[in-house]
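Encoded as structure tokens, the structure appears first; notes follow it.
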Amino acid sequence: MRRTSARFKLIGAAAATAAAMTLTGVNALSGSAAEAPAPSPLAANSPIGFGAGTTGGAGGPTVTVTNASQFVQEVQSSGSKVVQVNGTINLSGMTKVASNKTIVGVGTSGKITGSGLNVSNVSNVIIRNLTFTGSNDDAINVQYSTKVWIDHNDISNANDGALDIKRASDLITVSWNRVHDHDKTFLLGHSDSNGGEDSGKLRVTYDHNWFDGTNQRHPRVRFGNPVHVLNNYYSNIGSYGVASTENAGVLVEGNYFENVEDPFHRGEGSSDDGGLAARNNHFVNSGPGETGGSVASIPYGYTADNASSVKSIVTAGAGVGKI
């Protein structure tokens, strides 16, 4: 059972213990990938993985907003709608998003500051191409919601989480985001005592994200099984990369870890171990990570990029202005 403090100074490639064992549907192996498939596109029109089929506001009208009052009115309206953000939206509190919405920044101008977005008790929501900074709470919170795609955003300096997914949420893809200047990055499952709601849910694909000098929770997982951490770039991570806890099952596949002393482990804080399998990852000045336990098979088809190419692919494609 691995335990870490919230912060530590990164020094070289000190190792966590690697434990290789055969898992349910996934082999717990660490290493570097062999042949490289064709590079991923820098932007896709629809999500891969668990969030596949999310359409957001497709089929509804497109509106453009330039201030907070317009923004709140449109994202909380009924029916399908594409809400384009052109300019800086200064929110005073966490703002509820209604079902069947696409919220997308125009070029690199769409910014959310002051507070964040609350995707709660809804379905079919897309959040793309927005810069989130300076929230007084989370940048994005997802709870009791399904079919969510969070893609090509730039997230920094939230007071709490960059992106929290919790409370029986399910079927979500988080892709091509850049997160920087942040401590608690991607939380999946908020409480060790919430297994009654969360078991069988919290299935998320984390795909081609760039964790750029962030500290912890990339993601920190409870109960979700399987959770797919695929082709992400981790650079200069302060505390740890991925943590699997409380009966979760996490596949860490094809990622590029650079200057990450503790790339992945089982257990965290007072949380019990989850299952974690790792395969075809690439390590530069980083520890080997810790694996073990049971991870369910990934239930969808996909093509992984060669891990050694992930740094160049992700840094070229993650963040705003790339769709």
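The values are calculated or read from the model by the stated rules, or taken from the named source; none is laboratory data. Since the structure is predicted, the reported quantities are computational estimates derived from the model, not experimental observations. Cβ coordinates were reconstructed from backbone atoms using ideal geometry, including for glycine residues, and neighbour counts include every protein chain displayed. Protein only, heavy atoms only, side chains kept; ligands, DNA and RNA dropped before computing areas. Shrake-Rupley method; radii C 1.70, N 1.55, O 1.52, S 1.80 Å.
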Quick tally, 1.4 Å probe accessible area for Ser193, Ser46, sorted with the most first, runs Ser193, Ser46
Tell me what the chain gives for mean residue ellipticity at 222 nm when only DSSP H runs of n ≥ 4 count, each as -39,500 (n - 2.57), the sum divided by the residue total, rounded to 500 deg cm²/dmol. -1500 deg cm²/dmol
From the cross-link list Lys111/Lys166; Lys166/Lys201; Lys96/Lys147, which pairs have alpha carbons spaced over 20 Å apart? Lys111/Lys166
Could you tell me what a quarter of the Cα convex hull surface of region 88-141 works out to, in nm² with one decimal place? 3.3 nm²
How large is ³J(HN,Hα) for each residue in region 288-294, as worked out from phi by the Karplus curve 6.51 cos²θ - 1.76 cosθ + 1.60 (θ = phi - 60°), to whole Hz, x for Gly and Pro? x, x, 10, 10, x, x, 10
I'd like the per residue volume of the convex hull spanned by the Cα atoms of region 145-267, given in cubic angstrom. 84 Å³
Compactness summary of region 115-204: radius of gyration and Dmax from Cα atoms, Å, are 12.3, 35
Can you give me the relative contact order of region 141-262 as a percent, contacts being Cα pairs under 8 Å and 6 or more apart? 21 percent
What number, in percent, do you get for the relative contact order of the chain if the mean sequence gap of Cα pairs under 8 Å and at least 6 apart is divided by its residue count? 21 percent
Considering amide H positions built from the backbone, and no H for Pro or chain starts, which residues 5 or more places from Phe264, or on another chain, come under 5 Å of its amide H? Gly241, Val242, Gly289, Glu290
In the chain, with Lys and Arg counted as +1 and Asp and Glu as -1 at Cβ, which of these residues, Ala58, Asn259, Tyr302, has the Cα nearest the positive end of the dipole, that is, farthest along it? Ala58
Ellipsoid semi-axes in whole angstrom, largest first, where each is sqrt(5λ) of the Cα gyration tensor of region 222-271: 19, 14, 6
Dipole of region 177-271, Cα-centred, from +1 at each Lys and Arg C-beta and -1 at each Asp and Glu C-beta, to the nearest 20 debye? 220 debye
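Can you classify region 66-181 as rounded, prolate or oblate using the Cα gyration tensor, where a ≥ b ≥ c are the square roots of its eigenvalues, rounded means a/c under 1.5, and otherwise it's prolate if a/b beats b/c and oblate if not?
rounded
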Per residue of region 226-233, in order, report the coupling 6.51 cos²θ - 1.76 cosθ + 1.60 (Karplus, θ = phi - 60°) as ³J(HN,Hα) in whole Hz, putting x for Gly and Pro. x, 10, 10, 10, 10, 6, 9, 10
Using only the alpha carbons, work out the radius of gyration and Dmax of region 207-323 in angstrom. 13.4, 40
From phi via Karplus (6.51, -1.76, 1.60), per-residue ³J(HN,Hα) for region 54-71 in Hz, x at Gly/Pro: 6, 10, x, x, 4, x, x, x, 10, 10, 10, 10, 10, 8, 5, 5, 4, 4
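Please report the equivalent ellipsoid semi-axes of the chain, computed as sqrt(5 x eigenvalue) of the Cα gyration tensor, largest first, in whole Å. All intermediate terms of the calculation are to be shown ahead of the outcome.
Details: eigenvalues 187, 76, 70 Å².
Semi-axis lengths for the chain are 31, 20, 19 Å.
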In a Gaussian network model over the chain where Cα atoms closer than 10 Å are linked, find which of Thr146, Thr55, Thr303 has the largest mean-square fluctuation. Thr303
In whole Å, how far is the Cα centre of region 222-255 from that of region 126-185? 16 Å
Leaving out ligands, DNA and RNA but keeping every protein chain, what accessible area does Lys96 have, in Å² rounded to the nearest 10, with a 1.4 Å probe? 80 Å²
Once you have the Cα-Cα distance between Asp272 and Asn86, take 0.36 nm times their residue separation minus that, and quote the gain in nm to one decimal. 62.5 nm
